[in-house]
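One structure below.
The values are calculated or read from the model by the stated rules, or taken from the named source; none is laboratory data. Keep in mind the model is a prediction, meaning the values are calculated, not measured. When we count neighbours, we look across all protein chains shown, and the Cβ atoms used for this are built from the backbone with ideal geometry, even at glycine. Remember, those area values only see protein heavy atoms, side chains included, never the ligands or the DNA or RNA. Shrake-Rupley method; radii C 1.70, N 1.55, O 1.52, S 1.80 Å.
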Amino acid sequence: MNKVIMMGRMVADAELKTTPSGISACNFRIAVDRNYQKKGEERKSDFFNCVAWRGTAEFISKWFPKGRLILVEGEMQTRQYTDKNGNPATWYEIQVDNAHFTGDKGNAGSNSGYSNYGAPPLSEPPAGYGGGYSNSAPANEAPSAPSAPAPKADFSSADTDDYPF
């Protein structure tokens with residue numbers, strides 16, 4: 001089973017785009033706070049790439065500006081591609097089926113320190129992907145590979161005492 005539920009803040013405004021075949025889509029990132037923190041340190045966040053299609057994309061781009069708290073439901077997917085240096089790489093993203101309001105209206109814009117990492121170009125949704133709020137038939141084309149590699153995490157100096165397990 002592949003089910004992801006995340007609640008976080010929009011890192012930037014979601015930009016609604018339309019594919020050549022007329023399907024609405026948007027890429028966006030959310031910052032999700034970790035449940036634990038070291039004493040005396042600021043709470044850390046993890047950043048997740050998301051993509052929404054059709055009605056779900058239109059809903060998110062209209063109602064969730066930068067800084068707004070959002071709850072997304074969907075599935076985690078990976079795409080293999082070759083980066084500009086010829087190295088194999090993997091892009092991870094949440095295919096958003098549903099998005100929900102959470103918190104109050106006053107939450108918008110409260111975190112202005114996040115910067116948006118360039119998401120891969122939008123293409124057609126994967127075959128069989130329904131897109132949440134739409135009754136449109138899914139396209140038969142698979143998404144194209146991203147044009148920019150995802151940032152790589154450096155775990156070589158990770159302090160395992162930080163983990164709650």
If I filter the range 24-65 down to residues being in a loop (DSSP other than H, G, I, E, B) and touching a Lys or Arg at 6+ places or on another chain (Cβ under 6 Å), which single residue comes out as farthest from Thr90 (Cα to Cα)? Gln37
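To keep it simple, each residue is scored yes or no on (1) farther than 12 Å from Arg29 by Cα; (2) of a type in the set (Gly, Ala, Ser).
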{"residue": "Phe48", "(1), (2)": "no, no"}
{"residue": "Arg54", "(1), (2)": "yes, no"}
{"residue": "Glu58", "(1), (2)": "yes, no"}
{"residue": "Trp63", "(1), (2)": "yes, no"}
{"residue": "Gly67", "(1), (2)": "no, yes"}
{"residue": "Asn85", "(1), (2)": "yes, no"}
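Table: residues versus (1) in contact with a helix residue (DSSP H, G or I) (Cβ under 9 Å, 6 or more places away or on another chain); (2) of a type in the set (Gly, Ala, Ser); (3) in contact (Cβ under 8 Å) with a residue 40 or more places away in the chain.
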position: Met1; (1), (2), (3): no, no, no
position: Met7; (1), (2), (3): no, no, yes
position: Leu16; (1), (2), (3): yes, no, yes
position: Ala25; (1), (2), (3): yes, yes, yes
position: Ala31; (1), (2), (3): no, yes, yes
position: Gly40; (1), (2), (3): no, yes, no
Scanning the range 63-100 residue by residue, those surrounded by 15 or more Cβ atoms within 10 Å (Cβ to Cβ) and closer than 11 Å to Ala52 by Cα turn out to be Val72, Glu73, Gly74, Glu93, Ile94, Gln95, Val96, Asp97, Ala99
Only unsatisfied item for Ile5, checking (1) open to solvent by 90 Å² or more (accessible area, probe 1.4 Å); (2) closer than 15 Å to Ala99 by Cα; (3) touching a Lys or Arg at 6+ places or on another chain (Cβ under 8 Å), is (3)
